[in-house]
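Here's the structure, in structure tokens; my notes come after.
The values are calculated or read from the model by the stated rules, or taken from the named source; none is laboratory data. Predicted, not measured: the structure shown is a model, and the values here were computed from it. Ligands, DNA and RNA are excluded from the accessible area calculation, which covers all protein heavy atoms including side chains. Shrake-Rupley method; radii C 1.70, N 1.55, O 1.52, S 1.80 Å.
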Amino acid sequence: MRHRLLPSLSLPLMLAPAVAVAEVPSVAVDIPPVHSLVARVMGELGSPDLVIQSGASPHGYSMRPSEARALSDADVVFFVSDELTPWLAKARASLAADADAVELMEVPGTLHLSYREGPTFEAHHHADEASSAHGEEHGDHKAHDDHDEHHDDDHEAHVDDDEHHDEHGHDGENPHGWLDPVNAHTWLGAIAESLAAQDPEHAATYRSNAQAGQQELEALTESLSARLAQVQGTRYIVFHDAYQYFEHRFDVPASGAISLGDASTPSPARVKEIQARVKQDDIQCVFREPQYNPALIESVFEGTGVKTSIVFEPLGVGLPLGETLYPQLIERLGQGILGCADA
């Protein structure tokens, strides 16, 4: 097994016998929110390696050599699902065949939702109506019991990435399950158990860290639920249907989702359709995402009166990488809804 060494305290060799150095598993993860959850469980014992750099689309990606090495060296790989990162399945098979692969969307107790139909969907279409029987739903507040970026000069390593693209199919299961903090609560426990199996010497630390992280998420979920309960009925549109798990958890359903490319201007007919929908549903806000051209957004929604300045994105872009990223991401999404309600 490949391991990182846990630094021990420096002791004068003449005053103390040699101290055995504990071994900590090498861990690779897919996206920054998962990195944050794993970092919370590992704590001071170590840090996971991020395979998909911050700000990049997980749906299609070409790894740098440093990222491919991290995957190859991993004892454990934590990832959301093959639905989110289909290219990563091939990379794992070729680079990390001996690693323990943990698909978080398959952890027992995880809530699963299906994509909603069409480029736009009806207002107040609650996501629980589309829940698949595969997942198990618990109460909103009930606990589930169950690296820094590398900016080197490496050339990109195209590891079996036959379809490099930013968009993915929006049929079947929605893989953005990390945006439900109750799912994340469940995953913290699963992460701890996986690491404990690899590293029994530190099992108690992993479990204690996971429990502390779960308590933090319970407090965040309760606080945000209370605040968002005051603004239910806020009318907003998102740019793609990635936020369904967050909407479901906090009962703040979006009025619609729009697909706009950032490289070309939509047709006049498409612009007219979007503007009519905004007027029809009295939309308050259109949440922008970093990858969309701000000038394009302004041109499409010019004259509609909706607020377009709030950034709404699912990966924690711009947040410091580490254990605080995940709760900050959830809080930031909540603040987006609250800011829209004040528009």
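Expressed as a whole percent, the accessible surface of segment 47-113 that belongs to carbon and sulfur atoms is 46, based on a 1.4 Å probe.
In sequence order, segment 233-248 has phi-based couplings of x, 4, 9, 9, 10, 10, 8, 7, 7, 9, 9, 4, 5, 5, 4, 5 Hz under the Karplus curve 6.51 cos²θ - 1.76 cosθ + 1.60, θ = phi - 60°, and Gly or Pro positions carry x.
Average accessible surface for segment 294-343: 41 Å² per residue, computed with a 1.4 Å probe over protein heavy atoms with every protein chain in place. Taking amide H positions as modeled 1.01 Å from N, with prolines and chain starts lacking one, the residues under 5 Å from ASP100 and 5 or more places away or on another chain are VAL76, VAL77.
The share of accessible area on segment 244-333 that comes from carbon and sulfur is 54 percent, using a 1.4 angstrom probe.
Applying 0.36 nm per residue to the separation of ALA219 and ALA343 and subtracting their alpha-carbon distance, the gain on full extension is 41.9 nm. Length gained on full extension, GLN328 to SER309: 4.9 nm, using 0.36 nm per residue less the C-alpha separation.
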